[in-house]
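To keep things clear, I will list the structure first and then write my remarks on it.
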Amino acid sequence: MFDLFSSLSVRNKEVANSYLQTLLKIQERELFTGVLHVQNGEKSQAVMFFREGVLFAFYTLVGRQWLSVSRQDWNHELTQTEGNVRVLALPVEGLRIFRLFLELERNEEHTFISINADKIPAKIADWEQSDSPSLVHVRQGETQAFFVILGGPSLPLESLLIGSERFQSGSAVLTQIKSWGNRACYVTRLPTNLESVGGNEYVLRVAFSSLAQRTLERYQELAGRFLVTHLNDAINYLNEQNRQSMYFLGTNVNHREFFMDSEQAGRVYKILLEKMYEEMSLVVGSEIAGRIFEDALASTSPRLRRQLETYVLAGIPFPIKLEVKP
């Protein structure tokens, strides 16, 4: 079984349940974002996900599989949890990646015991050309890097690097790894269909960001930058009112919101697309606004279109032709 936590240092040893409750209150008070891992020898393991001090997801290890604990069972599980505690601060992107690794069906692992660090970016690029998604883990000493590869050209690569005192995300991760030169790294590639709860939400987030950005690009061609900025302001005000961590700037979408599942995400995305349509219709008319969405949808990959149709576009209250190819 793939091990995410053993390389992390133990923060508190042999913590009794009563003190664990105190530690949880500390995370809440400090507005902690990250994961808290509790291991009681070979008996049990639990992982708690926090965002700005709020516990929002809880997993326990059952056999060789991490299972999500229903919210109504949290109090019971917490009273049974004790052991060594590891704490890892993470950005929201890191929370997403850790959840994907936890939920992965581990049917197979491709392990490379020793690859020079400067060869890893080329390996990642090769795997990106594959039609099948995969998760990749790189370890060099106490430093770990994580990659989410959707599979297929032009689809985004999500990455996270965790060191002893810091983390990095985005393109800087591959740059950092390449700078290690000929240091030997332990690399594990985990093929996956990304059809877990977290996997579906991840693909939908990529699909929405792609559709929104392509829509903004097409709208800018027709209406100009000034009116795109006006649309950005309307969407950003809506996100601010609803406390959503998404920000539209020009034709780009900065998406830092964490959704528990695709249904929750889809409801938010539908509201945002409706607002975009409303703002564009005032300028170019409803028919042209609908065509802008259709053009943007047609330029996304079939897999992303399927996610959008399932969770966002079905029943959307404005005219758009859904021609999702198999």
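Quick notes on this structure:
- In region 13-31, the count of residues that are in contact with a strand residue (DSSP E or B) (Cβ under 6 Å, 6 or more places away or on another chain) and surrounded by fewer than 16 Cβ atoms within 10 Å (Cβ to Cβ) is one or more.
- Restricting region 182-219 to residues that are polar (S, T, N, Q) and under 26 Å from Arg306 (Cα atoms) leaves a set whose member that is least open to solvent (accessible area, probe 1.4 Å) is Thr215.
- Of all the criteria given as (1) without any contact (Cβ under 8 Å) to a residue 60 or more places away in the chain; (2) under 22 Å from the mean Cα position of the chain (by Cα); (3) within 18 Å of Phe5 (Cβ to Cβ), the one not satisfied by Ser134 is (3).
- Selection within region 24-81 - more than 26 Å from the chain's Cα centre (by Cα) and assigned to a strand (DSSP E or B): Asn40, Ser44
- Region 42-70, subset within 17 Å of Phe258 (Cα to Cα) and without any contact (Cβ under 8 Å) to a residue 24 or more places away in the chain, residue surrounded by the fewest Cβ atoms within 10 Å (Cβ to Cβ): Glu52
Residue by residue, here is whether (1) open to solvent by 20 Å² or more (accessible area, probe 1.4 Å); (2) within 24 Å of Gly151 (Cα to Cα) holds:
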residue: Leu227; (1), (2): yes, no
residue: Asn242; (1), (2): yes, no
residue: Leu249; (1), (2): yes, no
residue: Leu273; (1), (2): no, no
residue: Leu297; (1), (2): no, yes
residue: Gly315; (1), (2): yes, no
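- Taking residues in region 255-278 that are touching a residue at least 40 places away in the same chain (Cβ under 8 Å) and closer than 20 Å to Leu297 by Cα, and partners anywhere that are buried (at least 18 other Cβ atoms within 10 Å of the Cβ) and of a type in the set (S, T, N, Q), the pairs with Cβ atoms closer than 7 Å and at least 6 places apart or on different chains are His255/Ser209; Ser262/Asn200; Met276/Thr215.
The values are calculated or read from the model by the stated rules, or taken from the named source; none is laboratory data. Every value quoted in this text rests on a predicted model; they were computed, and no experiment measured them. Neighbour counts are summed over all protein chains in view; Cβ atoms, including those assigned to glycine, are modelled from backbone coordinates with ideal geometry. SASA here: full protein model, heavy atoms, side chains in, ligands and nucleic acids out. Shrake-Rupley method; radii C 1.70, N 1.55, O 1.52, S 1.80 Å.
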